[in-house]
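Here the structure comes first, spelled out in structure tokens, and everything after it is commentary.
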Amino acid sequence: MDGTASLIYLLAALENKNANNYTYNHGAVIRADATQKNIALVFTGHEFADGGNRIAKTLQQQNIKASFFFTGDFYNNPSFKKIIARLKSDGHYLGAHSNKHLLYADWNKRDSLLVTKQEFINDLEQNYVAMKKNGVIKADYFLPAYEWYNDSIAAWTKEMNLQLINFTPGTKSNADYTTPDMKNYRSSDEIYNSIMEYETKNGLNGFILLLHAGTDPKRTDKFYYKLDTLVQALKQKGYSFKRVDELLR
């Protein structure tokens, strides 16, 4: 790349950054405008939905909207139909999390794909078929299974006219799925404190804060029981809660 091309590329990158102030990682949006005191609460689900009603009740009481990204298996589970219908009726964002919760890339070698492009497309399309059966017609944002992906997954997502997103790193919120037998287990108090400590030091402006709609029964210390306390604390600090489509508008 010569000097002129490099300059054009740099200017284009700066222009894109200035256009929305978003932060990207491997092609996925991982943070919205950090100059605005907005947060998106995002919940993912595949096998478990035990926190669904508690989460929905808390969001309703707090008068805020959140976003839920479920796998096709979740949408197709007869036991989860009521909570899906409630979340949709309450006005929350419902999106895709892959059909079968596929791992797209090697954990240790991120650029090494574990699926072909066609396998990826077929799986994601089936996720949207399952969503449609539940009345979810339009969902432009896609959150990958395991919250793990690479540039190829982001590019393939874009080709399907979707935008890949992921959680904002910095807190331990996404560890609320861990169970005591895991080396990376984090208690709910530890998770809560990590969020509030990060807020104090760095702020949570534009954050996509990821939690889980349900967890393995082996985890009895459910973080969703702290959701009400968390929302109240962040409201007191001046944060507004948005659906991802509002946060990334």
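The values are calculated or read from the model by the stated rules, or taken from the named source; none is laboratory data. Given the structure is predicted, the values throughout are model-derived calculations rather than measurements. Quick reminder, even Gly has a Cβ in these numbers, built from the backbone with ideal geometry, and neighbours come from all protein chains shown. Ligands, DNA and RNA are stripped out before the accessible areas are found, and what is left, the full protein with its side chains, is counted by its heavy atoms. Shrake-Rupley method; radii C 1.70, N 1.55, O 1.52, S 1.80 Å.
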In the stretch 199-215, what residues are surrounded by fewer than 18 Cβ atoms within 10 Å (Cβ to Cβ), charged (D, E, K, R) and under 19 Å from the mean Cα position of the chain (by Cα)? none
Search result, residues across the stretch 47-73 that are open to solvent by less than 10 Å² (accessible area, probe 1.4 Å) and in a loop (DSSP other than H, G, I, E, B): GLY51, ALA66, THR71
Looking at (1) touching a residue at least 12 places away in the same chain (Cβ under 8 Å); (2) surrounded by fewer than 16 Cβ atoms within 10 Å (Cβ to Cβ); (3) not in a helix (DSSP H, G or I), which is the only condition VAL115 fails? (2)
Result of the Cβ filter at 9 Å on the stretch 202-227, keeping first residues that are free of Cβ contacts under 8 Å to residues at least 40 places away in the same chain and under 17 Å from PHE68 (Cα atoms) and partners that are outside any loop (DSSP other than H, G, I, E, B) and of a type in the set (Gly, Ala, Ser), at least 6 apart or interchain, is none
Any idea which of LYS218, LYS222 is of a type in the set (Lys, Arg) and open to solvent by 70 Å² or more (accessible area, probe 1.4 Å)? LYS218
Right, MET182: farther than 18 Å from GLY52 by Cβ, of a type in the set (A, V, I, L, M), out of contact with any Leu (no Cβ under 9 Å at 6 or more places or on another chain) and modelled with pLDDT of 95 or more or not? yes
Read through the list (1) modelled with pLDDT of 95 or more; (2) closer than 24 Å to GLN60 by Cβ, then give the number of the only condition that ARG249 fails. (1)
Give the residues of the stretch 27-46 that are of a type in the set (Gly, Ala, Ser), closer than 21 Å to ILE64 by Cβ and open to solvent by 20 Å² or more (accessible area, probe 1.4 Å), sorted by residue number. ALA34
Return only the number of the condition from (1) assigned to a loop (DSSP other than H, G, I, E, B); (2) touching a helix residue (DSSP H, G or I) at 6+ places or on another chain (Cβ under 9 Å); (3) open to solvent by 10 Å² or more (accessible area, probe 1.4 Å) that ASN161 does not satisfy. (2)
Conditions (1) part of a helix (DSSP H, G or I); (2) open to solvent by 80 Å² or more (accessible area, probe 1.4 Å); (3) without any contact (Cβ under 8 Å) to a residue 60 or more places away in the chain -> TYR24 fails only (1)
Inside the stretch 221-249, can you point out the residues that are within 18 Å of LYS172 (Cβ to Cβ) and in a loop (DSSP other than H, G, I, E, B)? ASP221, LYS222
Filtering the stretch 74-112 down to residues that are without any contact (Cβ under 8 Å) to a residue 40 or more places away in the chain and either in a strand (DSSP E or B) or of a type in the set (Ser, Thr, Tyr) (or both) yields SER79, SER89, SER112
Filter the stretch 60-73 down to the residues that are within 15 Å of ALA213 (Cα to Cα) and touching a helix residue (DSSP H, G or I) at 6+ places or on another chain (Cβ under 6 Å) and list them by number. ALA66, SER67, PHE68, GLY72
Among the listed residues SER173, SER240, SER194, SER187, identify the single one that is over 25 Å from PRO144 (Cβ atoms), touching a strand residue (DSSP E or B) at 6+ places or on another chain (Cβ under 8 Å) and either open to solvent by 10 Å² or more (accessible area, probe 1.4 Å) or modelled with pLDDT of 95 or more (or both). SER240
Please work out which one of (1) crowded, with 20+ Cβ neighbours inside 10 Å; (2) under 15 Å from the mean Cα position of the chain (by Cα); (3) closer than 22 Å to PHE74 by Cβ is the condition VAL136 fails and give its number. (2)
